[in-house]
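Undergrad: After the structure tokens below, expect a handful of questions from me.
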Amino acid sequence: MPFVAGASSAFRRHNLYFAEPSWGYSAAVDASAPALARLRGFALSAKALRLLTLVNAAMLVLIVATGATVRLTGSGLGCEHWPGCQPHHFEPKSFHSYIEFSNRVFAFLTILCTLATWIFARGYRRLAFLVFFGTLLQAPLGALTVHFGLNPWLVLSHFLLSIVVLTLGVMLALEVRGRVRTRLPAWVPRAGLLVGAAGAVLLLSGTFATAAGPHPGSTVVHRLWSFQPAVYWHVRATAVFGIAFAAVLVWLVRHRAPQVREAYVLLGLLAVQMAIGETQYRTHLPWWLVLVHVTVAATVWAALTTFVYSLWRPRRMA
């Protein structure tokens, strides 16, 4: 319509605008828009982003340790409500409630760290979102675990979700770090997958061994499965893992492949873990030594993820 078009252009030419409603909403939006634009436009340097993803992965290891502390000290029901310890206040009142509440505080800080990583990980936001979302899921899962009195299956799923998120967090840190192209025979990455699968069975059987042992998380929680069968499968998974890893390691050393560095780091951690495992078994599983064992297990898993990633992700098949 010519008249409407002409009037509209005249309004724009003379800067004539109708007054906005004085509801306060539009002013608030106008005030927040520049801040949101600055947040979206803010970008970390490559070095800062690498550091952030490393801190992110480290916190995902440490949250496994704090969760294990709750379980091994029998503090799983130290706070019988969620998110606070008591129905009407947050403050813990006993040794066990302090341990449980400290774990919740550290979990909250970990969620914030994964959120920051998701916001600033440009180019990797899908993977960063999975890390953040998985970490966030730990909160309702933890609430359900407490609500159902530390059901062993919920406790197990709580731990395994931590391992999945840790895997994604390590992958994110490795992606941000960048990749070096190498040429490998087809069987080497496949053997690496076997190492990873055996490591997963090793971790799962170790989790069942802990659940079947004397540290189920509280004195009122039933143990899961039986300790001796769990240890039986744990030892055999160790044998498969060791054979597959040794075959890959020998080939990497003989051909001076760059992945040998990750293999040596994993080998050193495995030696420490095996020494701790044997010591705790012979000393009747003191809780503090089991805690060290679990923490090193999470570190070994991070190193294993790095090793398998180095064989698969930055490769050109020969």
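Undergrad: So who's got an amide H within less than 5 Å of the one on Leu184, skipping anything under 5 residues away but keeping other chains? H placed 1.01 Å off N, in plane.
TA: Arg316, Ala318
Undergrad: 7 Å from Cα along Cα→Cβ at both Tyr98 and Val235: what's the point-to-point distance in nm?
TA: 4.0
Undergrad: Moving to a separate point now. Counting C-alpha atoms alone, how compact is region 66-194: give Rg to one decimal and Dmax as a whole number, in angstrom.
TA: 18.2, 62
Undergrad: Further question: With θ taken as phi - 60° and the coefficients 6.51, -1.76 and 1.60, list the Karplus ³J(HN,Hα) couplings across region 59-69 in order, rounded to whole Hz; mark glycine and proline as x.
TA: These are the phi-based 3J(HN,Hα) values: 5, 5, 6, 5, 5, 5, 5, 5, x, 5, 4 Hz.
Undergrad: Taking just the alpha carbons, could you work out the radius of gyration and Dmax for region 102-170, both in angstroms?
TA: 12.7, 42
Undergrad: Let me ask you something else. Order these by the 10 Å Cβ neighbour count, fewest first: Thr299, Thr182.
TA: Thr182, Thr299
Undergrad: Charges at C-beta only: +1 for Lys and Arg, -1 for Asp and Glu. How large is the resulting dipole of region 45-178 about its Cα centre, in Debye rounded to 20?
TA: For this selection, approximately 540 debye.
Undergrad: Ok, one more. Can you tell me how much longer the chain between Thr182 and Phe148 gets when fully stretched, taken as 0.36 nm per residue apart minus their C-alpha distance, in nm with one decimal?
TA: Gain on stretching Thr182 to Phe148: 7.3 nm.
Undergrad: What are the ³J(HN,Hα) couplings of region 269-278, residue after residue, when phi is run through the Karplus curve with 6.51, -1.76, 1.60 and θ = phi - 60°? Round to Hz, x for glycine and proline.
TA: Coupling constants for region 269-278: 5, 5, 4, 4, 5, 5, 5, 5, x, 5 Hz.
Undergrad: Express the C-alpha Rg of region 258-318 as a ratio against the empirical globular expectation 2.2 N^0.38 Å, rounded to two decimals.
TA: Computed over Cα atoms of region 258-318, the ratio equals 1.39.
Every read-out reported here was derived from the displayed coordinates using simple, explicitly stated rules and does not represent laboratory data. Bear in mind the structure is a predicted one, so any value in this text is a computation, not a measurement. Ideal geometry is used to build each Cβ from the backbone, glycine not excepted, and the neighbour counts take in all protein chains shown.
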